[in-house]
1. How about region 15-41: which of its residues are open to solvent by less than 30 Å² (accessible area, probe 1.4 Å), within 15 Å of L87 (Cα to Cα) and either touching a strand residue (DSSP E or B) at 6+ places or on another chain (Cβ under 6 Å) or among the hydrophobic types (A, V, I, L, M, F, W, C) (or both)?
2. Residue under question is G3, and the condition is that it be surrounded by 15 or more Cβ atoms within 10 Å (Cβ to Cβ), part of a helix (DSSP H, G or I) and either touching a Pro at 6+ places or on another chain (Cβ under 6 Å) or not polar (S, T, N, Q) (or both); does it hold?
3. Would you please list the contacts, defined by Cβ atoms under 7 Å and residues six or more apart or on different chains, that run from a residue in region 36-54 that is assigned to a helix (DSSP H, G or I) to a residue that is open to solvent by 30 Å² or more (accessible area, probe 1.4 Å)?
4. Could you tell me which residue of region 130-156 is least open to solvent (accessible area, probe 1.4 Å), considering only residues that are over 17 Å from I82 (Cβ atoms) and among the hydroxyl-bearing types (S, T, Y)?
5. Tell me the residue from L92, L114 that is at pLDDT below 90 and in a helix (DSSP H, G or I), please.
6. Taking the conditions exactly as written (among the aliphatic types (A, V, I, L, M), under 30 Å from K149 (Cβ atoms), in contact (Cβ under 8 Å) with a residue 24 or more places away in the chain and not in a helix (DSSP H, G or I)), does V73 satisfy them or not?
7. Residues of region 157-173 being touching a residue at least 24 places away in the same chain (Cβ under 8 Å), open to solvent by 10 Å² or more (accessible area, probe 1.4 Å) and touching a Leu at 6+ places or on another chain (Cβ under 9 Å), which ones?
8. With buried (at least 18 other Cβ atoms within 10 Å of the Cβ), under 19 Å from A163 (Cα atoms) and not aromatic (F, W, Y) as the only criterion, which of G86, G50 stands out?
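The values are calculated or read from the model by the stated rules, or taken from the named source; none is laboratory data. Nothing here was measured: the structure is a model prediction, and the numbers come from that model. Cβ coordinates were reconstructed from backbone atoms using ideal geometry, including for glycine residues, and neighbour counts include every protein chain displayed. Keep in mind that these areas ignore ligands, DNA and RNA; they rest on the heavy atoms of the full protein, side chains included. Shrake-Rupley method; radii C 1.70, N 1.55, O 1.52, S 1.80 Å.
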Amino acid sequence: GIGFIANVIPAALWLGAGIAVFLVNLRALPRQAKPFHPAAQWLGKLLFPGILVVIQSLLLLFMIWVVLKVDVVHPWALACTIVSAGLAFLCLISAFTFFMGDAGKALAMVLLALQMTSSGGVMPVELSGSFFATLSPWLPITWLAHGLKATLFGAFESTWFVAWLQVSSVGICAAVLTMVFGQWRFVSLRQLRPRLDL
């Protein structure tokens, strides 16, 4: 069962980031935030979901080290990989939501299903068909599964850094795109509660 960790952790991180995004009205800010720099607006909006994602990542690490007692080859690299991936997924899902509303949330969940079949976490992606094998190298969960196998078990000659860099780059790109091209709706404080927003 320990061998399935590389497939279960990415799903948990993606779902956790998705739920954290669902808790806030991501496309609106209070009118008082209008004069702030776009980076400050973005950071202020994602502070609470970001804290939740970090807590979730730490709980996953606790489960791996303490509850399951997995003999991790590179424990600090594993911690860095899991926390960074959780935050990268938060940035990516929040970008989908920011630009597409609730349709972006739905797209994030469809992408999770697609990535789980294409990541090679459970079985080699070559056994999943040519469509999934072609798609696999372009998906962040594929890179995360690679990084997790490298940090947990020393697979791929322990080359976790490249996978970590790829997943982190996706999050950074999503964050920059949101800050540069995103348009906030500035509303009163009473209107900030989460609601259906297409």
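1. A17, A20, V21
2. Numbers: surrounded by 15 or more Cβ atoms within 10 Å (Cβ to Cβ): no; part of a helix (DSSP H, G or I): yes; either touching a Pro at 6+ places or on another chain (Cβ under 6 Å) or not polar (S, T, N, Q) (or both): yes.
No: the conditions fail for G3.
3. That search, which allows pairs on different chains as well, returns P38/M179; A39/M179; Q41/W184; W42/M179; P49/L23; G50/L87; V53/L87; V54/V83.
4. Per the criteria, the residue is S136.
5. It is L114.
6. So V73 fits the description; yes.
7. W160, W164, Q166, S168, V170, listed by residue number.
8. One residue alone meets the criteria, G86.
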